[in-house]
Amino acid sequence: MELIRFKINGDEKGSLISLESNKNIPFDIKRVYYIFGTINGTRRGYHAHKNLRQVLICVSGSCKILLDNGKKTEILLNSSDQGLLVESLIWREMFDFSADCVLMVLADNYYDEEDYIRDYQEFLDYITKIKN
Ligand code: TYD
């Protein structure tokens with residue numbers, strides 16, 4: 001997990017942030033998706049990826065991210081100039097979405113349901129097996 005700080009091109013017109021593969025985003029971007037209009041109180045995610053790198057950017061509003069690689073960390077994303085790099089084999093849950101939250105995610109591969117681990121015990125077993 002790493003927080004990336006993006007440069008804001010600000011002037012009297014407002015602000016602009018540019019995201020570029022292998023420059024301020026540390027991989028080839030193959031997919032972008034965004035989560036918005038999240039119903040109050042929703043908690044989502046509940047999965048890890050076997051092989052996927054992602055950068056999460058809260059471009060509007062705020063939300064919290066729980067990351068778990070065996071050890072749990074909670075991160076508040078509330079600024080559009082911050083990107084949260086999430087590597088493979090990290091369990092994630094997203095919650096406390098503000099009504100105006102738009103969570104944009106950049107990924108280094110296409111959507112592939114086969115890459116998901118959606119069961120927490122299976123995730124723990126998988127990382128234990130890989131470490132040994
Ligand atoms: P889901 O993985 O359940 O979202 P979350 O983990 O945030 O709770 O995804 C919601 C739906 O969107 C599910 O039917 C799969 C689909 N989906 C795609 O078609 N493409 C994508 O890139 C993603 C991330 C999800």
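Quick grid of which residues meet (1) within 17 Å of Phe6 (Cβ to Cβ); (2) surrounded by 14 or more Cβ atoms within 10 Å (Cβ to Cβ); (3) polar (S, T, N, Q); (4) within 12 Å of the ligand (Cβ to nearest atom):
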| residue | (1), (2), (3), (4) |
| --- | --- |
| Leu77 | yes, yes, no, no |
| Ser80 | yes, yes, yes, no |
| Leu89 | no, yes, no, no |
| Arg92 | no, yes, no, yes |
| Phe97 | no, yes, no, yes |
| Tyr110 | no, no, no, yes |
| Asp115 | no, yes, no, yes |
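Remark: pairs (first residue in the range 96-113, closer than 21 Å to Leu66 by Cβ and among the aromatic types (Phe, Trp, Tyr); second residue in a loop (DSSP other than H, G, I, E, B) and away from the ligand (no atom under 11 Å from the Cβ); Cβ separation under 8 Å; 6+ apart in sequence or on different chains) = Phe97/Asn40; Phe97/Gly61; Phe97/Ser62. Among the residues of the range 33-57, those that are within 9 Å of the ligand (Cβ to nearest atom) and outside any loop (DSSP other than H, G, I, E, B) comprise Tyr33, Ile35, Arg44, Gly45, Tyr46, His47.
Throughout, read-outs are computed from the coordinates displayed, never taken from laboratory work. Predicted model only: the values in this text are computed from it and were never measured. A quick note on method: Cβ atoms are made from the backbone with ideal geometry, for glycine too, and the neighbour counts reach across all protein chains shown.
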